[in-house]
Each structure stands twice: as C-alpha cells, then as structure tokens.
C-alpha cells in the first residue's frame, strides 16, 4: 500500500461525505434562524443557456410549492476556462434541454438565444451578478444556490425540493418533485432484440461521473441484450483542456450526492490522473481481448474512486487485475505499453465528431447523449428497437 493511498483517500472520503454536508446544513440553518432571515434561494440565470431557460420555466411552479423567496441574478456566460468547447456546448445543450423538457412532460420549446439580450442590463448589474456567482464558488448559469449548496437545472431540482420539504416549507398539496430522476428498467434482463443494438460507451478512468455510471450502463446493456462497446479516451486535463478548481470541486460534490442517491460506491478517492490512467489503458485492450474489458473498467473505476487504491503502485494495479479475474503475471509483461494511444485518439476524434467532448457519453444508432444522468435517453432508444 502506497503512502498516497494511506493519506489521501480517507481525507477525500470525509470531504464528500454525507455527514459533512449534513453538518454544514445544520450550521446554516442555525445561523439563518439566529439572524431572523427568510429562506432565500438564488437563481443564476444565463439567458443564452438552454438549461437556464428550462429552469426558469418551472420556477413559478416551484415558487408556488414552497414558502421561499427567489432572488434572480442575470449573469453572463462562463469564461473560456470553464467552457473548452463553447460552440459544441451551445449546440448540444439546445438539443439536450429540449429532450429533457419532453421527458419531463413540460410544454416548452427551448430556444437559441444569443447573450445580446443581457447587454440591456447595466454594466453595474452585470458586474454584481457575476461577482456574486464567483464569490459563492461557481461559474455557470442554470444554477440554484441555497445554504451552501448548488443545484443545477431541472436535473438537480429534486434535491432542493427534498431539502425544503424536510424544513417544513412545502405546501401540503405537494406530492413528489417537479421532475423525479428517471429510473432505468433493469428488471427485464434477457429481452431479445431482432437486431442486437450496440451502445458506444465513451469513458475515462479519471472521470468521477464515469465511475458511478459504469455499473448501471452494464446493467442496461444486459437488460436489453445489447453489445457495449468500450471507447476509452484520455481525460480532459491530459489532452490540454482546463479544469479549474471551482469546476472540479462542484463535480466531486455533485458526483458524491448522485452516488448516495443511486447507492453507488464513491468517495475514497486516489486520483488516477496521469500515469495511473496510462497504466490502466495499457491493459484495457488486453482485458477486452480476454473477454474481461467491462469487468476491468468497472473494477478499475471502483478501486480508484471508491476504495482508495493507488493504480500507480505495483500492489494497486495487481489488486485491480486480479479482482477482474485476470492473470497478474501476464498483465505485468505488457503493463506500461503505449499501444493503446492510437485507439484512444481515434475514440476521441469520433467522440468530438459526434458533438460531445466529455465523458461519460453514449451513442446508440444516431442518438448521442452525454452524462451519467442521461441513461434514460439510451433506454428510450432501446425500447424503440425492441
């Protein structure tokens, strides 16, 4: 066991633990009551952001459901450091937000809006809103902030609704959240398909969201008797794309929250960025050839993101290989090779050509979606092929 795996994982586990964030909530509520302040929810609205538009559409219903005050900040779009592929994001978000509205049964057409509309605001208002967002530790629109926690768009609104309900702020007639997270139907294992579907799974060993979706996408593929094609790519930071601290911290806290909800192991982290990822990828094609590719992916991700295993150490990698059911003596002979790089680059180029640039992303037929919370998009397509 390496020194890194002894010290870092327990600290990471505490940082994203449920106990820590519940204690933070209690402190906030005590301070709010002591100050006699109302329950104020801040909405950071970027009018050019499709997810902001969709959230703004449901906020009147949200306001009617809960005894809270909503303060709206009109912000400018995120700076380039937080949006490495601005045009791709604009195009994808428009498609995804409209798809989300349809899934949620919301009669609303998200529109492409340039941020020129924001210029109607004075420079002072502009500055104040952006400054407020930055001071609270975030970087993009479509966000709700309450009591030290962030809730992104329609997808995470249910977390805030649960919190407000626990505080006794819900109207009595409220039944369930505005948009409950869709569940995939894994109970139909072995369903036969006339033409066996193929799901392309774009993944990275350094992605926490990939870590909490790997088991579920495997279950989904099994449920619909689909082939799952593993398309590994280098992490963003290993292909010269920025990941500012504020973005990383939000991703980790959001992943931890999602992991708790779906009961996925997560939190005891030994970050595999750099050489550990490369070591893992050097064995993945071999694992695929042995018929254990998916097993290797699941074990590697669980090991580094939930069990604190250091994949940069001999012992750590041996643990991963053997837990996958593969032979360590065979693995060590090829560990550290560079043969995988050409395939990883080809996967990246195809992923980018599909209009997405991050993981986990999925493709089935002509449908492409991004995010661990978009498996319902893939399942909807699988149902069509049945």
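Coordinate-derived values only; no laboratory data. The structure displayed is predicted, hence computed values, not measured ones. In this analysis, Cβ positions are derived from the backbone assuming ideal geometry, glycine residues included, and neighbour counts consider all displayed protein chains.
Using Cα springs under 10 Å in a Gaussian network model of the chain, which residue among 317, 351, 241 shows the largest mean-square fluctuation?
Answer for the Gaussian network model of the chain: 241.
What angle, in degrees between 0 and 90 and rounded to the nearest 10, separates the Cα long axis of helix 275-289 from the longest principal axis of the Cα atoms of the chain?
Roughly 60 degrees between the two axes.
Could you tell me whether region 186-385 comes out rounded, prolate or oblate from its Cα gyration tensor? Rule is a ≥ b ≥ c as square roots of the eigenvalues, rounded for a/c under 1.5, then prolate if a/b exceeds b/c, otherwise oblate.
Taking the square roots of the gyration eigenvalues as a ≥ b ≥ c, region 186-385 is rounded.
Just to confirm the number: angle between the C-alpha axis of helix 314-324 and the first principal axis of the chain, 0 to 90 degrees, nearest 10?
In the chain, helix 314-324 runs at an angle near 90 degrees to the longest axis.
Roughly speaking, what is the centre-to-centre gap between region 221-259 and region 83-113 when only Cα atoms are used, to the nearest Å?
Here the answer is 20 Å between Cα centres.
Please order 295, 155 by the number of other Cβ within 10 Å, starting at the fewest.
Taking fewest neighbouring Cβ atoms as first place, the list is 295, 155.
Using every alpha carbon pair in region 38-109, what percent of pairs falls into each 5 Å bin from 0 up to the bin containing the largest distance?
The distribution over region 38-109 is 3, 15, 21, 21, 18, 13, 6, 2, given as percents.
Nearest 5 percent is fine: what portion of the DSSP beta bridges confined to the chain is antiparallel?
Roughly 55 percent of the DSSP beta bridges within the chain come out antiparallel.
Please compute the alpha carbon radius of gyration of the chain, then divide it by the globular-protein estimate 2.2 N^0.38 Å. Two decimals is fine.
Output field value: 1.03.
Under the classification rounded if a/c is under 1.5, otherwise prolate if a/b is larger than b/c and oblate if not, where does region 38-166 fall, given a ≥ b ≥ c as square roots of the Cα gyration tensor eigenvalues?
oblate
Given an 8 Å cut-off on Cα distances and at least 6 residues of separation, report the relative contact order of region 38-166 as a percent.
With pairs under 8 Å counted, the relative contact order is 39 percent.
In the Gaussian network model of the chain, springs joining C-alpha atoms below 10 Å, which of 50, 244, 272 carries the largest mean-square fluctuation?
244
Could you put 149, 345 in order, starting from the residue whose Cβ has the fewest other Cβ atoms within 10 Å?
345, 149
Roughly how tilted is helix 293-306, in degrees to the nearest 10 and between 0 and 90, from the longest Cα axis of the chain?
Roughly 50 degrees, rounded to the nearest 10.
Hey, what did region 147-252 get for relative contact order, percent, Cα under 8 Å, at least 6 apart?
Computed value for region 147-252: 25 percent relative contact order.
State the extension gain, in nm to one decimal, for the chain segment bounded by residue 178 and residue 349, taking 0.36 nm per residue of separation less the distance between their alpha-carbons.
Extra length available between residue 178 and residue 349 comes to 57.8 nm.
Which residue fluctuates most in the GNM of the chain (Cα springs below 10 Å): 88, 268, 24?
24
Let me make sure I get this right: for region 178-267, a, b and c are the square roots of the gyration tensor eigenvalues over alpha carbons, sorted descending. Under 1.5 in a/c it's rounded, otherwise prolate if a/b > b/c, else oblate. Which is it?
oblate
Using the alpha-carbon centroid of each, what span in Å lies between region 334-386 and region 24-70?
35 Å
Relative contact order for the chain: what is it in percent, counting Cα pairs under 8 Å that are at least 6 residues apart?
Result for the chain is 20 percent.
Arrange the following residues from fewest to most other Cβ atoms within 10 Å of their Cβ: 297, 368, 198.
Arranged by neighbour count, lowest to highest, 297, 368, 198 become 198, 368, 297.
At 222 nm, what helix-only mean residue ellipticity would the chain give, in deg cm²/dmol to the nearest 500, using -39500 (n - 2.57) for each DSSP H run of four or more?
That calculation yields -16500 deg cm²/dmol at 222 nm.
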